[in-house]
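For reference, the structure is listed below as structure tokens.
Each reported figure results from applying straightforward, stated rules to the coordinates on display, with no laboratory input. Fair warning: this is a prediction, and the values are worked out from it, not measured in the lab. Don't worry about glycine lacking a Cβ; one is built from the backbone with ideal geometry, like all the others, and counts go over all protein chains shown.
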Amino acid sequence: MNWRDKGVVITGGSNGLGRALAGELARRGARLVLVARGRERLEGAAAEIRARGGEAHTLEADVGDKDAIYPLAGAAQALLGRVDAVIHGASALGASPLRPLADTDCEQLERALAVNLVGPFRLTKALLGPMALAGEGLVVHLTSDASVEGYPTWGAYGVSKAGFDHLARVWAAEMAPFGVRFLSVDPGDMDTDLHAEAVPDADLSELQQPDEVARRFALLLDRAETIESGARVRLGELVPALEAAR
Amino acid sequence: MIAAALPRDVARTARLLRVDPRAWAVRDVAIDALPAQFRPGDLVVVNDAATLPASFAVQVPDAAFEVRLAGPIAGGSAWAAVLFGTGDWRTRTEDRPAPPLVHAGTTLEFGEGLKAQVVRVSDLSPRLVRLEFDLGEDALWAKLYRLGRPVQYSHLARGLALWDAQTAFGGRPWSVETPSAARPLDWQALSALRARGVALASVTHAAGLSATGEPALDHALPLPERTEVPQATVEAVARTHARGGRVVAIGTSTARALEANALAHGRLVAACGVASLRIGPGYERRIVDGILTGMHEAGTSHAALLAAFAPRALLSLAWSHAEDEGYLGEEFGDVMLILGY
């Protein structure tokens, strides 16, 4: 995908991988709407992009809030004119600190599902139409290995991400005739606030840096049309192959 | 005709009246047979404008009233708007008291610090004004969505949520009322059309207010509306007509967008502009061959537009049939497809 002048909505765009990825796409000429909860950090992320000559708008919203979705979708489309890609980067652990499922409150599971599954479903639904009528579009789900492995204490998060992966598969099947493509991307463990919240005592030297992951993530998105729609890809495996094939 | 009083799943529960001007025929059709009314090679054009929650409780010193945005003028901060006196949608618009008089320079307080200045009062009515908001685009859109409620009328039994006012494919929020003829087109119907070999295309057209309660203003509706036809749609229309297919507009706003563009430029071109064309009986259509529309009563501007698609006598026949059969009117009501076989 050539990103020049493309309209992109990135949730979780003020922090971690979302923020780094926004920088990569802005550098490629994409026009961005960054979505996150905290106003200050959101403005900081946008200011960073604008300082380098990019276009970044900010919309403060919680994607887990049902009432926030149509306002978000409407405002994003008003600001960008057309949305060509949506990157669902916002994530919630649900239970923090992590804990066994048997100790997880229903509300914590519901929160993980609201932010990681139902919110992205609603937002895709609200942004899908013009992409489908134009016959092209890309929706990216940021996932995790917790969606395929039954890691103890990652239950609420892992369950929501497993649903998220499958959401991409079904969207892909239904939207194939309309040219809208879906990808689930597992970036691997990174040194982000989310990871620190989940694993406070992690050995940081073993974690990837979000900027470096974003660089490879963007290489993958440049070639998104070469990957089967609906697929779940592990960034660490696919990008070296793409780079070798170049 | 009885109005549909509640939001409903129009795509699954509405009734469809097929009106065929060529055969002079009116026929009841199941709503799920809508895609089957089209032929491979036809083109369905929709209005992809999303609906802004465009009703606001507003204050000037000494008075509170309602402002309904009527449409974007350009960019994000300039809007046409109509003022309504105290009360809300539960009161019939024609029974609402007059709003306070405003002048160029009057500042309206929308709440949460959002202000707009009246920059012009229309000669048509002191209630029709041009507003200029005092915020940059990012913050303005967020505020409009936070403070606004969907525009609605007294035939409805409850207040609308924002999602009640959207179609399946809304994009830029230019409309202040839902382009409601699109309600039967859910993704199942769109997929069925696509599978049938019917092409899809879009325009973006700022569907405006359908009533104000003031005779002089209502007579002037629709007001000039912002409109955009993209290049892909220009090409799709040309391909359709070249192969003998029919171009079917979903809703009066789509018909207006296509016809106004073609009339202004001599042919359909990719352009963004303002549509002031009024389509009525005797209007010679250049682009649109058929239309899917709500049930519109004679005397409204929407009904006048339909007279460009079928003779009035046939439309009267269709209307009486629909009334006898208990069809429902208004934005969550039943629909009519005017298209020759």
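Lys and Arg at +1, Asp and Glu at -1: add these up for the other residues within a Cβ distance under 12 Å of B:D218 and post the number.
That works out to -1.
Expressed as a whole percent, how much of the Cα-Cα distance distribution for chain A exceeds 23 Å?
Of the Cα pairs, 46 percent sit more than 23 Å apart.
How big is Rg to Rh over the protein assembly as shown, alpha-carbon atoms, Rh as the Kirkwood inverse-mean-distance radius?
Rounded to two decimals, Rg over Rh is 0.99.
On C-alpha positions alone, give me the angle between the axis of helix B:137-147 and the longest principal axis of chain B, in degrees, nearest 10.
It works out to around 90 degrees.
Taking every residue in B:171-184, how many Cβ atoms of other protein chains lie within 10 Å of its Cβ, on average?
Working: counts 16, 11, 8, 3, 0, 0, 0, 0, 0, 0, 0, 1, 0, 0.
Other-chain Cβ atoms within 10 Å of each residue's Cβ, averaged: 3.
Per residue of B:140-153, count partner chain C-beta atoms within 10 Å of its C-beta, then hand back the mean as an integer. Present the calculation step by step, with values, prior to reporting the outcome.
Working: counts 3, 10, 9, 2, 4, 11, 3, 0, 1, 0, 0, 0, 0, 0.
Going residue by residue through B:140-153 and averaging, the value is 3.
With everything on Cα atoms, drop me the angle between helix B:252-265 and the longest principal axis of chain B, reported from 0 to 90° to the nearest 10.
The answer is roughly 90 degrees.
Quick one: how many lysine pairs in the protein assembly as shown have C-alpha atoms under 23 angstrom apart, if they're 8 or more apart or on different chains?
So the count works out to 7.
Given A:A224, A:V199, A:P152, which one lies farthest toward the positive end of the charge dipole of the protein assembly as shown, if we put +1 on the Cβ of every Lys and Arg and -1 on the Cβ of every Asp and Glu?
Of the options given, the answer is A:A224.
Of B:T91, B:A257, B:Q37, which is farthest towards the positive pole of chain B's charge dipole, taken about the Cα centre with +1 and -1 on the beta-carbons of Lys, Arg and Asp, Glu respectively?
Going by the Cα projections, it comes out as B:Q37.
Could you work out the equivalent-ellipsoid semi-axes for chain B, taking the square root of 5 times each eigenvalue of the Cα gyration tensor, largest first, in whole Å? Please report the intermediate quantities before stating the final value.
Details: eigenvalues 228, 95, 67 Å².
Working through the eigenvalues yields semi-axes of 34, 22, 18 Å.
Any chance you could give the angle, 0 to 90 degrees and rounded to 10, that helix B:312-324 forms with the longest Cα principal axis of chain B?
On a 0 to 90 degree scale, this one is about 80.
Taking the DSSP beta bridges in the protein assembly as shown as the whole, what percent of them are antiparallel, to the nearest 5?
So the antiparallel bridges in the protein assembly as shown amount to around 50 percent.
Before anything else, pin down the relative contact order of chain A: Cα pairs under 8 Å, at least 6 apart, normalised by residue count, whole percent. Let's see the in-between values first.
On the way: 471 pairs, mean separation 47.8, N = 246.
Answer for chain A is 19 percent.
Evaluate the relative contact order of the stretch B:106-169 (contact order divided by residue number), counting alpha-carbon pairs under 8 angstrom at least 6 apart; express in whole percent.
20
Using the Cα centre as the reference, give the magnitude of the dipole from point charges on the C-beta atoms of the stretch B:55-147 (Lys, Arg: +1; Asp, Glu: -1; all else neutral), rounded to the nearest 20 debye.
Result for the stretch B:55-147 is approximately 200 debye, rounded to the nearest 20.
Among the DSSP beta bridges whose two residues both lie in the stretch B:55-147, what percent are antiparallel, rounded to the nearest 5?
Values: 28 of 28 bridges.
Taking every DSSP beta bridge with both residues in the stretch B:55-147, the antiparallel ones total about 100 percent.
Ranking request for peptides A:80-86, A:188-194, A:48-54: highest mean number of other beta-carbon atoms within 10 Å first, then the rest in descending order.
Highest to lowest by the protection proxy: A:80-86, A:188-194, A:48-54.
Using helices alone, what [θ] at 222 nm do you get for the protein assembly as shown, with -39,500 (n - 2.57) per DSSP H run of 4 or more residues, divided over all residues and rounded to the nearest 500?
Details: 17 runs with 187 residues, N = 587.
That calculation yields -9500 deg cm²/dmol at 222 nm.
Placing unit charges on C-beta atoms (Lys and Arg positive, Asp and Glu negative, everything else neutral), compute the dipole magnitude of the stretch A:7-245 about its Cα centre in debye, rounded to 20.
Charge dipole, the stretch A:7-245, about its Cα centre: 900 debye, nearest 20.
From the phi angles alone, apply the Karplus equation (6.51, -1.76, 1.60; θ = phi - 60°) to the stretch B:14-22 and give each ³J(HN,Hα) in whole Hz, x where the residue is Gly or Pro.
Once θ is set to phi - 60°, the couplings for the stretch B:14-22 become 6, 10, 10, 9, 8, 10, 10, x, 6 Hz.
When the Cα atoms of the stretch B:55-147 are enclosed in a convex hull and the volume is divided per residue, what value in Å³ results?
95
With +1 on the Cβ of every Lys and Arg and -1 on the Cβ of every Asp and Glu, and nothing else charged, how large is the dipole of the protein assembly as shown about its Cα centre, in debye rounded to the nearest 20?
1940
Where both partners of a DSSP beta bridge lie in chain B, what percent of those bridges are antiparallel, to the nearest 5?
Percentage antiparallel, nearest 5: 75.
Inside 10 Å of the C-beta atoms of A:76-87, what's the mean count of C-beta atoms belonging to other chains?
Mean partner shielding for this stretch: 4.
Calculate, in whole percent, how much of the Cα-Cα pair population of the stretch B:186-341 lies beyond 24 Å.
Details: 4302 of 12090 pairs.
Result for the distance tail: 36 percent.
Put +1 on the Cβ of each Lys and Arg and -1 on the Cβ of each Asp and Glu in the stretch A:7-245; which of A:G23, A:A73, A:S96 then has its Cα farthest toward the positive end of the dipole?
A:A73
Quick check: net charge around B:L277, other residues with Cβ under 14 Å of its Cβ, Lys/Arg +1 and Asp/Glu -1?
Value of the local net charge: +2.
Cβ under 12 Å from A:R31's Cβ, A:R31 left aside: what net charge do those residues give with Lys, Arg +1 and Asp, Glu -1?
+2
Among A:105-112, B:46-53, how do they line up from the highest to the lowest mean number of other beta-carbon atoms within 10 Å? Let's see the in-between values first.
Details: A:105-112: 16.1, B:46-53: 29.0.
Result, highest mean first: B:46-53, A:105-112.
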